[in-house]
Amino acid sequence: MASELEVRLKTATELGTSDAASAVEQLKGLVLEDGSNDTDAVRIKEQAIAQLCELYIKQGIAQGLADLLTSLRTFFNAIPKAKTAKLVRSIIDSIAKVPGSTQLQVDVCRAQVEWAKAEKRTFLRQRIELRLASLYLQVKDYPAALALIGTLLSEVKKLDDKLLLVDIYLLESKVNHALRNVPKARASLTAARTAANAIYVPLQLQAEIDCQSGILCAEEKDYKTAYSYFFESFEQLSSLDDPRAAQVLKYMLLAKVMLDQADDVPGIISSKAGLKYTGPEVEAMRAVAQAYHDRSLQNFQDVLEAHKTQLVDDGVVHAHLNSLYDTLLQQNLVRLIEPFSRVEIAHVAQLIGLPVPTVEAKLSQMILDKKFSGTLDQGAGCLEVFSPAASDAVYPAALDVLDSLGRVVDTLFARSQKVVA
């Protein structure tokens, strides 16, 4: 029986290079066939499932993988639970490799959670629910993600599964960060680190923890510490040849730019580790560093437009680049108005190449923030810049004298009380 299955698997594999549709049908027939489920047969069927997943991924048929998962339930009942968990998670991972299949993954995970509940497969259900919560994060359904994470946490704490706890806390930190709730994100990350200290943590998971630590440090404007965390994460992912290393390298370069060390960016990119991940992510940050070095707002806007996917669509980078753009705008405005005591706002807008309302709003904000002394004459459309007033030492000196007199009076009063006594 096993030898016959091996022959059929070999035939279908060879056919896959020329006629993928026929190969898929043959592999499905082999996998779904009711027959012997001894050790050899199960091993061959596992190989056939892996081949079938690869063919579906190449063809981009995510629905075929979802249907396969449902069709295999009879086979799952005949094999050990550990193998079932491995196969189910492997097929869900295969669906994720098909572009635009996020919503289908959500539906598949929900269906598998219900099946796992019915079959009383707690271990598998908890891991699929964790995957489902991460998918909710991707589709920005944050309340559903937090609700599912809360339920999972209460269950897993009782089981004391430390590794799963680390994953759940880390995901909770990411969801809270997406909701801009940095204190809760920091608390969840601390809980993940505490759980991780008690066990051996896989290198990939440790890299994720370091990356999340860097992101939260960057939120608190501690870019130096953030860079250190990103560097640690990058080295770990790079050693595993994980493609996510390119994204972490982008965060490293962002931290350098935010530290006003944009000149270091080309050196990092041209290093041995940086050259390995040269691509759109890295080129986008190189362009940002160059625009920042040139102090050019127009170049900065052009870079954001040209690399929209890498910069604007990445929430972490976009938030910090907005702050960077604001800093650049302030620096340019201060430099432009420095020679003037009174200047038309329209002239400043023309010099900086931005719309008048934008420049006017920014100047008023800078005046309120005491970036410079001045006032806006909106009737005449002008900005009046005042010379910084020299600090008057009379008032602080008068306050010091009064303070000294107060201490003298208190001392004399204390001595008079002693005399009376």
Segment 67-96 - residue that is over 17 Å from Asp38 (Cβ atoms) and of a type in the set (S, T, N, Q) and, of those, surrounded by the most Cβ atoms within 10 Å (Cβ to Cβ): Ser94
Qualifying positions in segment 187-213 - in contact with a Leu (Cβ under 7 Å, 6 or more places away or on another chain) and closer than 22 Å to Met252 by Cα: Leu189, Leu203, Gln204, Ala207, Glu208, Ile209, Gln212, Ser213
Unmet criterion (only one of (1) part of a helix (DSSP H, G or I); (2) more than 34 Å from the chain's Cα centre (by Cα); (3) not polar (S, T, N, Q)) for Gly379: (1)
Yes/no for Leu368 being open to solvent by 50 Å² or more (accessible area, probe 1.4 Å) and in contact with a helix residue (DSSP H, G or I) (Cβ under 6 Å, 6 or more places away or on another chain): no
Subset tally (residues that are open to solvent by 50 Å² or more (accessible area, probe 1.4 Å), assigned to a helix (DSSP H, G or I) and under 27 Å from Ala262 (Cβ atoms)) for segment 326-349: 5
Residue count for segment 261-301, restricted to those that are among the basic types (Lys, Arg) and part of a helix (DSSP H, G or I): 2
Of all residues making up segment 306-355, the number that are among the basic types (Lys, Arg) and either modelled with pLDDT under 85 or out of contact with any strand residue (DSSP E or B) (no Cβ under 8 Å at 6 or more places or on another chain) (or both): 2
Criterion: under 16 Å from Gln298 (Cβ atoms) and among the aliphatic types (A, V, I, L, M) - qualifying residue of Val343, Val348, Val334, Val356: Val348
Yes/no for Leu354 being touching a residue at least 40 places away in the same chain (Cβ under 8 Å) and among the aliphatic types (A, V, I, L, M): yes
Pair list, Cβ under 7 Å, 6 or more apart: segment 357-372 residue assigned to a loop (DSSP other than H, G, I, E, B), other residue open to solvent by 40 Å² or more (accessible area, probe 1.4 Å): Lys371/Val334; Phe372/Val334
Hey, Leu55 open to solvent by less than 60 Å² (accessible area, probe 1.4 Å) and either in contact with a His (Cβ under 7 Å, 6 or more places away or on another chain) or modelled with pLDDT of 75 or more (or both) or not: yes
Selected residue [without any contact (Cβ under 8 Å) to a residue 40 or more places away in the chain, closer than 27 Å to Leu216 by Cβ and among the basic types (Lys, Arg)] from Arg335, Arg295, Arg286: Arg286
Filtered residue count, segment 381-407, keeping only those that are out of contact with any helix residue (DSSP H, G or I) (no Cβ under 8 Å at 6 or more places or on another chain) and open to solvent by less than 80 Å² (accessible area, probe 1.4 Å): 7
Helices (runs of 4 or more DSSP H) (entirely within segment 127-223) containing at least 3 residues that are on the phi < 0 side of the Ramachandran plot, without any contact (Cβ under 8 Å) to a residue 12 or more places away in the chain and over 14 Å from the mean Cα position of the chain (by Cα): 142-159, 182-196
Residue within segment 238-260 that is under 15 Å from Met285 (Cβ atoms), under 17 Å from the mean Cα position of the chain (by Cα) and of a type in the set (Phe, Trp, Tyr) present: yes
Options Leu104, Leu152; residue that is open to solvent by less than 10 Å² (accessible area, probe 1.4 Å) and at pLDDT 90 or above: Leu152
Restricting segment 245-276 to residues that are in contact (Cβ under 8 Å) with a residue 12 or more places away in the chain and small (Gly, Ala, Ser), the residue that is farthest from Glu208 (Cα to Cα): Ala262
2 or more residues charged (D, E, K, R): qualifying helices (runs of 4 or more DSSP H) within segment 5-71: 20-32, 39-59
Segment 192-231, residues that are open to solvent by 30 Å² or more (accessible area, probe 1.4 Å) and farther than 17 Å from Leu170 by Cα: Glu220, Lys221, Asp222, Lys224, Thr225, Tyr227, Ser228, Phe231
Count of residues meeting criterion [among the hydrophobic types (A, V, I, L, M, F, W, C), outside any loop (DSSP other than H, G, I, E, B) and either free of Cβ contacts under 8 Å to residues at least 24 places away in the same chain or out of contact with any Leu (no Cβ under 9 Å at 6 or more places or on another chain) (or both)] in segment 382-402: 7
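The values are calculated or read from the model by the stated rules, or taken from the named source; none is laboratory data. Model, not experiment: these values are computed from the prediction. Backbone-built Cβ (ideal geometry, glycine too); neighbour counts: all protein chains shown. SASA here: full protein model, heavy atoms, side chains in, ligands and nucleic acids out. Shrake-Rupley method; radii C 1.70, N 1.55, O 1.52, S 1.80 Å.
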